[in-house]
């Protein structure tokens, strides 16, 4: 087990390194690195000074090392538009996005998995067919359109929930979280629902496919032959067996949820990291773009690592040195 | 082939979906002839017709069945032209991505060893990266327009095709008849073309349909965010975005109708893809 | 007057597929006394496994036991029995063992967990009592250090040991009947003989009746008291093992015996039954073996009559000469 963990950590670090190299190449070799560091309307003197300061006239590999050095220290440059360090800016917006992503992931899991298991257990019932039809809609319909419809229905027509913005926050561990207030939850409801729909549909389909396959397996047959109740079989055998592929997809999907938050945050004016990237693209705030990319790459690698480790926890064949 | 169609017909939903797709394709192809207005020709637009409800008779003398948008475009025409763009983008991106991805996948499966590992490592890495982020970044770097958009879409999607083709080719290569074929003096690429390729096609087609739907959805999303095609050639996403601000004041048709058109197309393609997948999947066959 | 343990009359199990109705079991009747070991032999597709599943009520849809079939277990009619009552029987009075223990045991649960579930499916008291029972059962099937092994996972056992675990699960509640569906086929030849001998001893020890399903006449002959030969859903010959082996009546049985490597003369070509098993969707009228039978004639187009007596009989128009 320890060997597995170490192996994964090394892999993760290598990927991070590769990612940083990619971003570096993308910005410094292909793009004009100067544009990342100073605003396009700076004077010639400032440009020359910046070039010397950042060593942009040095050979590329030296620049890469300097880049890495800055990265490790957390120096991702300063935003053109807001003139605050990028790291600070991104970190200040991160809690909002995390809140949103987590809420939608929870909805996807706690509603999607049971529905999917039911659909896999009784695949020919009309309820199951309805669930599956709804799931097709769930992942076909683009997130932004769902957001639109949600706003239209709940905010405009029914006036039950607010149409945008984040609710009031409560400080926990020095960070503001809005889900801890009732009003905050109201503001969180629609965006979280919007973001969760794709995931919900995916969880339903995956759980159903997994459940169907397991229900037809010899394991279930043998359990039935031993006289186990259907409920016990579902709870102890099926759930345990489908949890492995589910967790893997879950983890990967968490990353994609963070990505799709971009759309949801734009529609609902949710002050998260996603909205930040869109704003920075439209306003050509390159340091923020670079910072966002690096951060996302880091998050991805971390998420993948966590998923791999959870996988090992769930599948005993990996733990005791057995062969899968 | 006939048996395939017969089995397909068993699901009436799939048949309806297929009909819808064909209808949309036909409408998109015939758009210049069946629409009362060319929404790209700015000279056609009259601001006095802007934001009018469905059923309104405009200055052109014809009925705007679906109303007009903020620039005075007839929504019906704009939607049909928008569908055209969606289909163009989706199919172009899908086709290129499929060719690129399948070639890479089969190449990897065939080459083996280090090349196989290297290619698949990159593909896997890319698969774990969400398409939308990739597309966002590429559009930001490459700028707007049809070609950059297609490049972005292809880059975001080729990995799915690569993995599918790789999986199918690897499974096929392990079969005995391929071993036998390789023992003959037939040149290597003959084996690939005549044996590996036909067996990779069914899963590729399934992935292809889903990916076309995804490409359409992705393009619409990008356009909605203002990062897609230029505003002079409004795709469905842009139409929806433009109409967003009018939703609160009750002029919902500007966003909703293009939205419905988009949804119908995407869902129909996905349903067809679902049916194809079920039919091609040997494990579900009793 | 004691009831026979099992009385099967005209069992018909049909599969309603897209291509037509598949009569996997087409009129099977037999009896089983308490403590008797019965062998059920046939090629794949003969319907022997489906017969086993029908007895324990685990026929997967689109399969169904057709109306008119009767399975009386200890006087109770099983066909049409509500699922809840059937479940009370399974594992407790009728148990089943499958072919591939790697597939029947859940890889992500410990042996102990799976065994305690089987114990608690029929009452069985608390966790500790269930574990004690499980350990006793493991020891009985020859697994050393049983208590410690309860916390092991299936992949930590060898193939033969895994099957022993499955047998241990089957024996937990001291069932009156065990149905074994090709339990040694997936194991090494050397282990096969061991398991065979152990099962025979266990069955005789506890007075458990055993139905041993196999494609291999040789293994069955060393284990069973009586044997039934199945072909295309029907029993074509039945009798005491010694009688059937020494003087088979049905040409199919003769063909099976002739093709056994164990009975062949070294250096001679192995005899083979020409042709292949018929598709169960397109059975010829009359005797299903006729197309491959060297003794077939026009008469074989009609259903063959029963030849022989209650001890040793076959369904054939042209039975082999019975050697005195």
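Of C:105, C:81, C:89, C:138, all but one fail to be over 30 Å from residue A:244 (Cβ atoms), crowded, with 19+ Cβ neighbours inside 10 Å and in contact with a helix residue (DSSP H, G or I) (Cβ under 9 Å, 6 or more places away or on another chain); the exception is C:89. Taking strands (runs of 3 or more DSSP E) as the structural unit, those lying wholly within the stretch C:1-81 and holding at least 2 residues that are within 28 Å of residue C:255 (Cβ to Cβ) correspond to C:6-17, C:20-32, C:37-41.
What are the residues in the stretch C:101-120 that are farther than 22 Å from residue C:132 by Cα and free of Cβ contacts under 8 Å to residues at least 12 places away in the same chain, if any? C:103, the sole residue that qualifies.
Of all residues in the stretch A:234-273, those satisfying the criterion of being at the interface with another protein chain (Cβ under 9 Å from one of its Cβ atoms) and more than 30 Å from residue B:223 (Cα to Cα) are A:236, A:237, A:240, A:241, A:243, A:244. Within the option set B:197, B:262, being over 24 Å from residue A:281 (Cβ atoms) and either at pLDDT below 80 or within 13 Å of the chain's Cα centre (by Cα) (or both) holds for one residue only, B:197.
Only one entry of C:232, C:242, C:299 meets the criterion of being surrounded by fewer than 16 Cβ atoms within 10 Å (Cβ to Cβ) and at pLDDT 85 or above, and that entry is C:242. Scanning the stretch C:82-96 for residues that are assigned to a strand (DSSP E or B) and more than 8 Å from chain A (Cβ to nearest Cβ) yields one hit, C:94.
Please tell me if residue C:198 is assigned to a helix (DSSP H, G or I) and free of Cβ contacts under 8 Å to residues at least 60 places away in the same chain. So residue C:198 fits the description; yes. Just one residue in the set C:116, C:139, C:185 is in contact with a strand residue (DSSP E or B) (Cβ under 8 Å, 6 or more places away or on another chain) and more than 10 Å from chain A (Cβ to nearest Cβ); that residue is C:185.
With respect to (1) under 23 Å from residue A:143 (Cα atoms); (2) within 14 Å of chain C (Cβ to nearest Cβ), the lone exception for residue A:208 is condition (2).
In summary, residue A:320 fulfils each of the numbered conditions (1) within 14 Å of chain B (Cβ to nearest Cβ); (2) over 26 Å from residue A:19 (Cβ atoms); (3) at pLDDT below 80 with the single exception of condition (1). When residue A:219 is tested against (1) surrounded by fewer than 19 Cβ atoms within 10 Å (Cβ to Cβ); (2) within 14 Å of chain C (Cβ to nearest Cβ); (3) at pLDDT 85 or above, exactly one condition is not met: (1).
For the residues B:276, B:262, B:227, the requirement of being in contact (Cβ under 8 Å) with a residue 60 or more places away in the chain, surrounded by fewer than 23 Cβ atoms within 10 Å (Cβ to Cβ), within 8 Å of chain A (Cβ to nearest Cβ) and on the phi < 0 side of the Ramachandran plot singles out B:227.
The conditions of being under 28 Å from residue C:155 (Cα atoms), away from chain A (no Cβ under 13 Å) and either in contact with a helix residue (DSSP H, G or I) (Cβ under 8 Å, 6 or more places away or on another chain) or not in a helix (DSSP H, G or I) (or both) are met by residue C:131.
The values are calculated or read from the model by the stated rules, or taken from the named source; none is laboratory data. Quick caveat, the model's predicted, so the values are computed rather than measured. All Cβ positions, even for glycine, are placed from backbone atoms using ideal geometry, and neighbour counts span all protein chains on display.
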